[in-house]
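Contents: one structure, followed by commentary.
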Ligand SMILES: Cc1ncc(COP(=O)(O)O)c(C=O)c1O
C-alpha cells in the first residue's frame, strides 16, 4: 500500500476550489495546560451530582437509532425559554455556526449578498464566501459604535439579502444604539432583505431584541447554548416568522442534532437555574475584571455586555506572548482589523482564573 505524502496530488488538487485552496482553516489555538480564556466559554463544569445524573441519561439513549421526534421536545423547550411569540417557529443548528452556513445556502440567489459591521464575528464573511455570496463589511466607528450613515449607505447601495447584527458584538462586546438598530432594520426591510439579530452572548447582556422582533416580518433571532455553558454540545437556534423558517429549514441536513446533543440540551434547560447562577457569577467577575483592567497603566478596556473584555495594550504581540509563557491563553485579535490595533480579547473566567490572568498581564505589558 502506498502511504500518501503530505502534498496533495495535483490531479486531486485541481478538484478543490481555488478560493478554498487559498483559505486558511479556522485556527483553534492549542490550549493544553493553559488557563483557557480565548473562546468565550463558560469556565464552569456541571456540578458532580448533575454529571452523574446526565451520564445515566445519556447512557440509556438508543444510540443505534437516528435522532427522532425527541428533538421536537427540545425545540419546544427552547421556544419556551426564549418566549417565542405566536406565529413564529424555531430551527436548530449544530451550533449557530451551522445556522449561519445554512442561511447563506438558502439565500444563495444570483446577486445575493451578506452585510455585517466590522470588526465582527468571522463566520458571517466566511459563510458568504464559501457559498459564493458577496460579503460587504462596514467599519464601526473608532469607538466601536455602528456607523449609522455608512450602514445605511451600504444597505442602499448593495441591497444585502442578509444583514447580521451581533447583539452584543464579538469581539467588541458592546450593544448597539436602539434607534440606529431600528433605522437599519427599517432600511433593510424597505429593500427586501433579512436582518439576523445574533444574540450569542444573551446570557450576559442587559438587553435583548427578542420582544421587539415580532414587530418585523424580516427579522430573525439567532442564539446559541455555547456561551450559556454548553459550548461542547454544539446547539444553536434561530427563531423567525413561521413561513420564513419553513423555507430555511429545508436546507438543514435531516439529522443535524445528534441524540446526545438534544438530550444534553434538554437536561441543561431542566437545570437552567444552575447555568443562570453561573452567568450571574460571570457578570460579577466581569465587573471586577473590567475595573481592575481599567485601572492598569497603559491598558484601555472597553465596557462589556458579554463574557469577554476587549483591551488595548501598548504591544499586543509582546503581551500575548508574555501571557502564553505564563500559561494564560487569550486571543490576539490585533491583526483582525485596523480598528483593533494592539487589541486582545479576554474571556471572563472564574475568580481564580481572572486573578491568574491579571497577575500574568501585569508582568507581560
Ligand atoms: C456573535 C457570535 N455568533 C455566533 C457564534 C457561534 O456560536 P456557536 O458556538 O453556537 O457556533 C459566536 C461564537 O463565538 C459568536 O461570537
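Taking the criterion of being more than 10 Å from the ligand (Cβ to nearest atom) and assigned to a helix (DSSP H, G or I), the residues of the stretch 229-242 that qualify are 229, 242.
In contact with a helix residue (DSSP H, G or I) (Cβ under 9 Å, 6 or more places away or on another chain), outside the structural domain of residue 257 (by TED's automatic domain parsing), surrounded by fewer than 16 Cβ atoms within 10 Å (Cβ to Cβ) and at pLDDT below 95: does that describe residue 3? Against the criterion (in contact with a helix residue (DSSP H, G or I) (Cβ under 9 Å, 6 or more places away or on another chain), outside the structural domain of residue 257 (by TED's automatic domain parsing), surrounded by fewer than 16 Cβ atoms within 10 Å (Cβ to Cβ) and at pLDDT below 95), residue 3 does not qualify. Restricting to the stretch 204-228, and then to whatever is more than 11 Å from the ligand (Cβ to nearest atom) and not in a loop (DSSP other than H, G, I, E, B), can you tell me which residue is farthest from residue 182 (Cα to Cα)? Looking at residues that are more than 11 Å from the ligand (Cβ to nearest atom) and not in a loop (DSSP other than H, G, I, E, B), I get 204.
For the stretch 116-131, indicate whether the set of residues that are more than 20 Å from residue 24 (Cβ to Cβ) and either within 16 Å of the ligand (Cβ to nearest atom) or crowded, with 20+ Cβ neighbours inside 10 Å (or both) is non-empty. Yes, because at least one residue in the stretch 116-131 is more than 20 Å from residue 24 (Cβ to Cβ) and either within 16 Å of the ligand (Cβ to nearest atom) or crowded, with 20+ Cβ neighbours inside 10 Å (or both). Here the condition is being assigned by TED's automatic domain parsing to the domain that holds residue 80 and surrounded by fewer than 20 Cβ atoms within 10 Å (Cβ to Cβ); of 214, 168, 203, it holds for 214 alone.
Could you please let me know if residue 134 is loosely packed, with under 15 Cβ neighbours inside 10 Å and at pLDDT 95 or above?
Details: loosely packed, with under 15 Cβ neighbours inside 10 Å: yes; at pLDDT 95 or above: yes.
The answer is yes for residue 134.
Among the candidates 142, 160, which residue alone is crowded, with 24+ Cβ neighbours inside 10 Å, assigned by TED's automatic domain parsing to the domain that holds residue 248 and away from the ligand (no atom under 16 Å from the Cβ)? One residue alone meets the criteria, 160. So is residue 74 more than 19 Å from the chain's Cα centre (by Cα), in the same structural domain as residue 218 (by TED's automatic domain parsing) and within 15 Å of the ligand (Cβ to nearest atom) or not? It is true that residue 74 is more than 19 Å from the chain's Cα centre (by Cα), in the same structural domain as residue 218 (by TED's automatic domain parsing) and within 15 Å of the ligand (Cβ to nearest atom). The criterion of at least 3 residues that are under 30 Å from residue 271 (Cα atoms) is met, among strands (runs of 3 or more DSSP E) falling completely within the stretch 74-175, by 88-93. The test for being in a loop (DSSP other than H, G, I, E, B), within 30 Å of residue 309 (Cβ to Cβ) and within 16 Å of the ligand (Cβ to nearest atom) holds for residue 29. With respect to the conditions (1) within 18 Å of the chain's Cα centre (by Cα); (2) assigned to a helix (DSSP H, G or I); (3) more than 16 Å from the ligand (Cβ to nearest atom), residue 285 lacks only one, and its number is (1).
Selection of first residues in the stretch 96-116 that are in the same structural domain as residue 235 (by TED's automatic domain parsing) and over 14 Å from residue 158 (Cα atoms) and of second residues that are part of a helix (DSSP H, G or I) and within 14 Å of the ligand (Cβ to nearest atom), restricted to Cβ pairs under 7 Å at least 6 apart or on distinct chains, gives the following pairs, ordered by first then second residue: 97/123; 100/123; 100/124; 100/127; 101/127; 104/127. Before we move on, is residue 67 in contact with a helix residue (DSSP H, G or I) (Cβ under 8 Å, 6 or more places away or on another chain), outside any helix (DSSP H, G or I) and more than 16 Å from residue 260 (Cβ to Cβ)? No: the conditions fail for residue 67.
Of the residues 271, 305, which single one is within 22 Å of residue 45 (Cβ to Cβ), out of contact with any strand residue (DSSP E or B) (no Cβ under 7 Å at 6 or more places or on another chain) and surrounded by fewer than 21 Cβ atoms within 10 Å (Cβ to Cβ)?
Every option except 271 fails the conditions.
Identify, from the list 184, 257, the residue that is more than 17 Å from residue 99 (Cβ to Cβ) and in the same structural domain as residue 74 (by TED's automatic domain parsing). Let's see the steps before the verdict.
On the way: 257 fails: more than 17 Å from residue 99 (Cβ to Cβ).
Criteria check complete, one pass: 184.
All conditions but one from (1) under 23 Å from residue 331 (Cα atoms); (2) outside any loop (DSSP other than H, G, I, E, B) apply to residue 179; the one that does not is (1).
The values are calculated or read from the model by the stated rules, or taken from the named source; none is laboratory data. Please read all numbers here as calculations on a predicted model, not as lab measurements. Cβ: placed from backbone, ideal geometry, glycine included. Neighbour counts: every protein chain shown.
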